[in-house]
1. Which condition does residue 147 not pass, out of (1) surrounded by 21 or more Cβ atoms within 10 Å (Cβ to Cβ); (2) hydrophobic (A, V, I, L, M, F, W, C); (3) within 22 Å of residue 172 (Cβ to Cβ), if it passes all the others?
2. Taking residue 174 and the conditions (1) aliphatic (A, V, I, L, M); (2) buried (at least 19 other Cβ atoms within 10 Å of the Cβ); (3) assigned to a loop (DSSP other than H, G, I, E, B), which numbered condition does it fall short on, given that it satisfies the others?
3. So residue 230 clears everything in (1) at pLDDT 80 or above; (2) loosely packed, with under 13 Cβ neighbours inside 10 Å except one condition, right? Which one?
4. Within the set of pairs 6+ apart or on separate chains, which have a first residue in the range 87-99 that is more than 14 Å from residue 26 (Cα to Cα), a second that is open to solvent by less than 70 Å² (accessible area, probe 1.4 Å) and hydrophobic (A, V, I, L, M, F, W, C), and C-beta atoms under 7 Å apart?
Amino acid sequence: MATLLLLRHGRTTANADGGLAGRQPVELDETGRAQAAAVGERLRVVPLAAVVTSPLIRCRQTLELAVPQATPEVEDGLIECDYGSWEGQPLKKLAKEPLWPVVQQRPSAAVFPDGEAMAAMAGRAVAAVRSWDARVTAEHGPEAVWLACSHGDVIKAIVADALGVHLDLFQRIVADPASVTAIRFTPLRPFVVRLNDTGGDLAALVPPPRKRRRRAPRAADSDAAVGGGAGAAS
C-alpha cells in the first residue's frame, strides 16, 4: 500500500497563547510560518502523489508554505475535533473542568459540551485516511507517498488506530506542530514508520521501486541450451 505522511500544522497564535483553538479560524504565527517553510525543505525530496488537508486555515497556510506547488484537496474528515463551548478558552481554565480528567484519562468517553465526542472524531478521521490511502494506492501504485495535513488530536487518534491501541491511550502519543508521522497501511496491519519527526531526513520514507519478476523462459526458448543445437543429438 501507499505511504501516508501526516503533517500537523505549524504553531498558531492560539498555541502560543495557551488557548484551545478548536475549529476557530486561528492562523499561523511567525514561528509557525517558519516551521512550515522548514518542513517544506525536508519534503522537497519526497514525490507526493496527493496532498489532502483539513479545511481549517492553519492547515491550508501550512501547505501553502510547505508544498506551494501542490493543489491540496480538502477532506472534512480531517478537521479538528469540535470542542463545542470549550473552544477559545485558556487551557489553564479548562484543566479545572470536571470533564478534563476524562479527556486525559478516558477520552473514549469524552463528549464536549455542545460539541463532538472524541470517539466520533477518531472514527471519522481514521475512515478518511484509510479511504484516501486506498484511493492513492489504486491510482498511483503501492510505492506512492501522499500527505495529509491535520491537527494534533486527529493525528494522535489515527496513530493510535495504526498501533492497535485503545483510544484511551492516545494521550501518550505526541504530535508537535509541523511534525511528520509516517504510516503504511498493508493488508495485514498498519506500520508506524516515523512518529513526531521534526528534523529527520524524509528521503528514506520513499519506498524503492518494485523489482519486476523475470519471465521464465518458454520451452521453445530453451531448446538450444538444453539440447546443444541441431547437431548435438547425432
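1. Only one criterion in (1) surrounded by 21 or more Cβ atoms within 10 Å (Cβ to Cβ); (2) hydrophobic (A, V, I, L, M, F, W, C); (3) within 22 Å of residue 172 (Cβ to Cβ) is unmet by residue 147, namely (3).
2. Only one criterion in (1) aliphatic (A, V, I, L, M); (2) buried (at least 19 other Cβ atoms within 10 Å of the Cβ); (3) assigned to a loop (DSSP other than H, G, I, E, B) is unmet by residue 174, namely (2).
3. (1)
4. Within 7 Å, the pairs are 91/20; 94/20; 94/86; 94/100; 99/110.
Residue-wise test of (1) more than 21 Å from residue 70 (Cα to Cα); (2) of a type in the set (Ser, Thr, Tyr); (3) free of Cβ contacts under 8 Å to residues at least 12 places away in the same chain.
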| residue | (1), (2), (3) |
| --- | --- |
| 139 | no, no, no |
| 143 | no, no, no |
| 148 | no, no, no |
| 153 | yes, no, no |
| 160 | yes, no, no |
| 166 | yes, no, no |
| 170 | yes, no, no |
| 176 | yes, no, no |
| 181 | no, yes, no |
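The values are calculated or read from the model by the stated rules, or taken from the named source; none is laboratory data. Only a predicted model underlies this, so the values are computations on that prediction, with no experimental measurement involved. Here Cβ is always computed from backbone atoms with ideal geometry, including for glycine, and neighbour counts include all displayed protein chains. When the accessible area is computed, the model is the full protein with side chains, heavy atoms only, and any ligands, DNA or RNA have been set aside. Shrake-Rupley method; radii C 1.70, N 1.55, O 1.52, S 1.80 Å.
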